[in-house]
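The values are calculated or read from the model by the stated rules, or taken from the named source; none is laboratory data. All values derive from a computational prediction rather than experimental measurement. Using ideal geometry, Cβ is built from the backbone for each residue, glycine included, and neighbour counts are taken over all protein chains shown. SASA here: full protein model, heavy atoms, side chains in, ligands and nucleic acids out. Shrake-Rupley method; radii C 1.70, N 1.55, O 1.52, S 1.80 Å.
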Amino acid sequence: QVQLVESGGGLVQAGGSLTLSCAASGSIASIRTQGWYRQAPGKQREFVAHITTGGSVLYAEFAKGRFTISRDNAKNLVYLQMNSLKPEDTADYYCWAGAVGSTYRIIWGQGTQVTVSS
């Protein structure tokens, strides 16, 4: 099975930058598309970005031009570089991975908190 662990969250000032990391372990070869969701208090979890095995990326509108998703397959890591952070970016950020097997399943990390102060 696949396990995901996020890191890199913390407190930053508006306009600052932060890079989140997601480390995968277990059945690495089963991983396909990976990405990030976020959830702010009182709000539903929302899509942030994803990256396919071929390197194609997709961003939510709010992330375009500010966030960059990347992956390092050799290190089993996916990153989310966040620039020009805004207070509304404050949320718990969760990495996820699609994994193949008998079925295609989505694996979630435990989340990492990002707080952006004004």
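Quick notes on this structure:
- Among residues of the range 32-69, those that are open to solvent by 80 Å² or more (accessible area, probe 1.4 Å) and in contact with a Ser or Thr (Cβ under 6 Å, 6 or more places away or on another chain), counted: 1
- Hits in the range 70-113 - residues which are open to solvent by less than 50 Å² (accessible area, probe 1.4 Å), more than 30 Å from Ala29 (Cβ to Cβ) and either part of a helix (DSSP H, G or I) or not polar (S, T, N, Q) (or both): Leu85, Asp89, Ala91
- Only a single item in (1) modelled with pLDDT of 95 or more; (2) under 14 Å from the mean Cα position of the chain (by Cα) is not met by Ser30, and it is number (2).
- Residues that are polar (S, T, N, Q) and within 12 Å of the chain's Cα centre (by Cα) were ranked within the range 69-117; the one that is farthest from Gly16 (Cα to Cα) is Gln110.
- Close pairs from the range 15-34: first in contact (Cβ under 8 Å) with a residue 40 or more places away in the chain, partner among the aromatic types (Phe, Trp, Tyr) and assigned to a strand (DSSP E or B), Cβ under 7 Å, at least 6 apart: Thr19/Tyr79; Leu20/Tyr79; Leu20/Tyr93; Ser21/Tyr79; Gln34/Trp96
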